[in-house]
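Engineer: Sharing a structure with you now.
The values are calculated or read from the model by the stated rules, or taken from the named source; none is laboratory data. From a predicted model like this one, the values you see are computed outputs, not experimental measurements. SASA here: full protein model, heavy atoms, side chains in, ligands and nucleic acids out. Shrake-Rupley method; radii C 1.70, N 1.55, O 1.52, S 1.80 Å.
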Amino acid sequence: MKDRIKERSIGLFERKGFSETSIQDIVEALNVTKGTFYYYYSSKEQLLMEIHKEYIDDLLQRQRRIIDSGGSQKDKLKSVIHLLISDIARNGDSGKVFFREMRHLTEDNATDIKKRREQFRHNIEEILRHGAESGEFRKQLRPDITALAVLGITNWTYQWFNAKGELTADELAEIYSSIVLDGIHTRNEE
C-alpha cells in the first residue's frame, strides 16, 4: 500500500502540483481512508521527501557504478548523460515532481536533498577533472561550470521531452553528449 500511495501521489503531484493536491485527493484516488495514508506517512511533506530521497539516491547509486567502472572519462560522462535522460524518459512524472516540487520541502529536508544533488554534481566534476588530468578533456576546462552546464541541459529535459515522441531517450542523450563533448563549432577537416 505504501508504494501505491507514493505512485498515485506522484501522478497527482505532477498533474495538480504538490500544493493543490490534498491528502483527501490522494485517498480518494486510492479508494482508502485517511487513516490508511497516516499509517504510512505522517504528512504530505514526509511523502514528498521520500519521493525526493528515492529519486536522487537511485541516481547517485547508478552514477557511482558508472564512475567506478573501467573505461575512459569520456565514456563515463556519456554514460551519466544517458543515465539522466533515460531516467527522465522512464520516470517522467517522478522527475517532474523531483525538479519542480522541491520548494515545498521544509528547510531541513530541502538541505538534505540539496546535499545529495550537490554530490551528484561533484561526481560529474570528478569525471571532468580526471578527464582533464589524463588529457581526454582540455586542461583549461572548468569542471564546476562544465558540470553545471551538463546538468542544465539534461535536467531541463523533464520540461519538454516526450518518450513517445520523435526522439528516443538514447538519441537525445547522444545529441547532448555530442554537444558537450564536441561543441557546436565547425572544424576544418584535413
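Engineer: Can you give the helix-only mean residue ellipticity at 222 nm for the chain, where every DSSP H stretch with n ≥ 4 adds -39500 (n - 2.57) and the sum goes over all residues, rounded to the nearest 500 deg cm²/dmol?
Structural biologist: The helix-only estimate for the chain comes to -23500 deg cm²/dmol at 222 nm.
Engineer: Just how much of V32 is accessible, in Å², when a 1.4 Å probe is used and the result is rounded to the nearest 10?
Structural biologist: Approximately 40 Å² of V32 is accessible to the 1.4 Å probe.
Engineer: Ok, one more. Out of (i) 12.0; (ii) 11.0; (iii) 13.0, which label holds the value of mean projected area of the Cα convex hull in nm² that was computed here?
Structural biologist: Read-out from the structure maps to (iii).
Engineer: Given a 1.4 Å probe and heavy atoms of the protein chains only, how would you sort K44, K78, K164, largest accessible area at the top?
Structural biologist: K164, K78, K44
Engineer: Here is a further query. Which aspartates and glutamates have a Cα less than 13 Å from the Cα of K115, not counting those fewer than 8 places away in the same chain?
Structural biologist: D57, E107
Engineer: Now a separate question. Rounded to a whole number, what % of the accessible area of the chain do carbon and sulfur atoms account for, probe 1.4 Å?
Structural biologist: Carbon and sulfur atoms account for 47 percent of the accessible area of the chain.
Engineer: Percent relative contact order of the chain, based on C-alpha pairs within less than 8 angstrom and at least six residues apart?
Structural biologist: Result for the chain is 25 percent.
Engineer: Which value, in nm² and rounded to one decimal, describes the direction-averaged projected area of the C-alpha convex hull of the stretch 118-190?
Structural biologist: Hull-based average projected area comes out at 6.5 nm².
Engineer: Using a probe radius of 1.4 Å on heavy atoms only, what accessible surface per residue do you get for the stretch 68-135? Whole Å² is fine.
Structural biologist: Value for the stretch 68-135: 48 Å² per residue.
Engineer: If you don't mind, another one. Along the principal axes of its C-alpha atoms, what lengths does the stretch 73-172 span, in descending order and rounded to whole Å?
Structural biologist: Here the spans come out as 41, 40, 15 Å, largest first.
Engineer: Over 23 Å between Cα atoms: which of K74/K114; K53/K74; K6/K114; K76/K96; K6/K34; K53/K96 fall into that group?
Structural biologist: Pairs exceeding the cut-off: K74/K114; K53/K74; K76/K96.
Engineer: May I ask you to rank M102, M1 by accessible area, largest first, using a 1.4 Å probe over the protein chains only?
Structural biologist: Descending accessible area places them as M1, M102.
Engineer: Moving on. Round to the nearest 10 and report in Å² the accessible area of D93, as given by a 1.4 Å probe over the protein chains' heavy atoms.
Structural biologist: Solvent-accessible area, nearest 10 Å²: 60 Å².
Engineer: Got a sec? What order do F99, F120 fall in by accessible area at 1.4 Å, biggest, i.e. largest, first?
Structural biologist: The most accessible residue leads, giving F99, F120.
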